[in-house]
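Structure record follows, encoded as structure tokens.
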Amino acid sequence: MPEERAKPEAETRISLLAIFLVFLKIGAFTFGGGYAMLPIIQEELVRRRRWVDQDTFIDNLVIIQSLPGAMALNKSILTGIKLRGPWGGVVAALGVVAAPVLVILLLAGLLLPLFREHAAVQAAFYGLRPAVVALILSATLDLGREIVRGWRAVVLVLFLMLLSLFFQPHPILIILAGGLAGLLIYRKGEEEKE
Amino acid sequence: MSLLLTLYWIFFKIGLFTFGGGYAMLPLMEAEIIARQGWLTHPEFIDIIAVAEATPGPVAINSATYVGFQVAGIPGSLLATLGVISPSLLLLLVLGPFLLRWIKDPRVQRFTRGLRPAVIALILLAAISLGRAALVDWSTLIIAAGLLGLRLLRRTSPLITIALGALLGLLLYPY
């Protein structure tokens, strides 16, 4: 009977515990944050559980890319809200951070103090530091290729870097200055990304 | 108590102004935690980011938890984590229904279009000051250049990059 099949399974209320557990799993098994986590959230929620449809997922992406905060976190909160309202959002946020917080506490509180002075750990960190620099630079180059398009954006980046170097303002001021500059240098009809 | 409140407030600010994913919080953390509060040195900060990369979860949240722990133990780690996720929760819970329409407003779009180059400028500057603390000799310079090349040309994942960094550290550690 088609009428019965039209009723989506989302009609059955998803429990807060189920939401917590899914996001606990997503938080516990994804490394690298943001761009690495989004495909996993999509796989888990859109394809496997069908809690969210593809269009909502894409709409949500537009929101989280313009919002502050970790993208994986925002994505989790939005999905939680869609499934069970405000409490769903809170539970999703707590679920997605629970495992990472525990892992960090175990490492920082128990393991690292025991081995911090060990020569092998010192040697590993000697190599980890340049690896972090490589990760930051590669992420910046990727992000830059996507964002810094057209000569006005290039000038804006250079101008704000110089401003920051010479006057050392708080980074929040540089961010706001960039936003204001965007309002001034891009005219109506230019807001669409090329 | 006031230390815990300060931690919460600092990470609330960091969460509120982190636009464009994980690394966007680096310049904010550098300004607040290293320069202003003097809670950490640059090498300590890089070590925290390295651990945050190597453990599951978003890097911004992992590093908030770790910095909070360094500053004020377990209560510090919990408050820093809550601080960094609070702005997202508040914005989405309170403004959620209006956000999609609001974000598509032309003025907001032009504002975010200018905001992103600012974030790039700030991350580049943070990368330079972290680089100064991390690249202390030829070996570290070669590790950074090699891993950057691998990442850009072969698309090695962040986790593999971190693992290779630790391995190369073990092989090349001069002391």
Next item on the list: Compute the Kirkwood hydrodynamic radius of segment A:125-185, taking the inverse of the mean of 1/r over all pairs of distinct Cα atoms, and give it in Å to one decimal.
Entry: 13.3 Å
Check: Cβ under 14 Å from A:ILE104's Cβ, A:ILE104 left aside: what net charge do those residues give with Lys, Arg +1 and Asp, Glu -1?
Finding: -2
Notebook entry, point to check: Mind listing which trypsin sites (Lys or Arg not before Pro) in segment B:36-121 are in a DSSP loop and have 16 or fewer other Cβ atoms within 10 Å?
Noted result: B:LYS104
Check: Modelled label-to-label distance, A:GLN65 and A:GLU146, 7 Å Cα→beta-carbon offset: nm?
Finding: 0.7 nm
Margin query: Using a 10 angstrom Cβ neighbour count of at most 11 plus a DSSP loop assignment to flag exposed trypsin sites (Lys or Arg not before Pro), which longest range of chain A is free of such sites?
Written below: A:117-186
Item checked: Estimated Rh, segment B:102-157: Kirkwood, alpha-carbon pairs, angstrom -> 13.9 Å
Next item on the list: At 7 Å along the Cα-to-beta-carbon direction for both B:LEU3 and A:GLU117, put a label point, then send me their distance in nm to one decimal.
Entry: 2.2 nm
Item checked: Ranked by how many other beta carbons lie within 10 Å on average, peptides B:29-35, B:47-53 from highest -> B:47-53, B:29-35
Checklist line | Sites B:ARG155 and A:THR56, calculated FRET efficiency, Cβ-Cβ separation with R0 25 Å, nearest 0.05 | finding: 0.30
Notebook entry, point to check: Where does each of A:98-104, A:137-143 land if you order them by average Cβ count within 10 Å, highest first?
Noted result: A:98-104, A:137-143
Notebook entry, point to check: How large is the convex hull of the Cα atoms of the protein assembly as shown per residue, expressed in Å³ as a whole number?
Noted result: 153 Å³
Check: Across segment B:115-129, in residue order, what do the Karplus-derived ³J(HN,Hα) couplings come to in whole Hz, using 6.51 cos²θ - 1.76 cosθ + 1.60 with θ = phi - 60° and x for Gly and Pro?
Finding: 5, 5, x, 4, 5, 4, 4, 5, 5, 4, 5, 5, 4, 5, 6
Checklist line | Pairwise label distance in nanometres, B:TRP138 with B:VAL94, each label 7 Å out on the Cα-Cβ vector | finding: 5.7 nm
Next item on the list: State the Kirkwood hydrodynamic radius of segment B:1-135 in Å, one decimal place, computed from all pairs of distinct Cα atoms.
Entry: 15.6 Å
Next item on the list: Please give the average number of partner chain Cβ atoms lying within 10 Å of the Cβ of each residue in A:20-31, rounded to a whole number.
Entry: 2
Next item on the list: Provide, in order from the shortest bin, the percent of all Cα-Cα pairs of chain A in each 10 Å bin, continuing until the bin that contains the maximum pair distance.
Entry: 7, 23, 26, 26, 14, 4, 1, 0
Checklist line | Spatial separation of Cα centroids for segment A:21-95 and segment B:58-75, in angstrom | finding: 22 Å
Note to self: Using each residue's phi in segment B:67-83, evaluate 6.51 cos²θ - 1.76 cosθ + 1.60 at θ = phi - 60° and report the 3J(HN,Hα) Karplus result to the nearest Hz, with x for Gly and Pro.
What the structure shows: 4, x, 5, 4, 7, 8, x, 4, x, x, 5, 5, 5, 5, 5, 4, x
Note to self: Report the gain in length on full extension from B:SER129 to B:LEU170: 0.36 nm times residue separation, minus Cα-Cα distance, nm rounded to one decimal.
What the structure shows: 12.3 nm
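Bear in mind that the values in this text are calculations on the coordinates, not laboratory data. Every value quoted in this text rests on a predicted model; they were computed, and no experiment measured them. For neighbour counting, all protein chains shown are included, and Cβ atoms are generated from backbone atoms with ideal geometry for every residue, glycine included.
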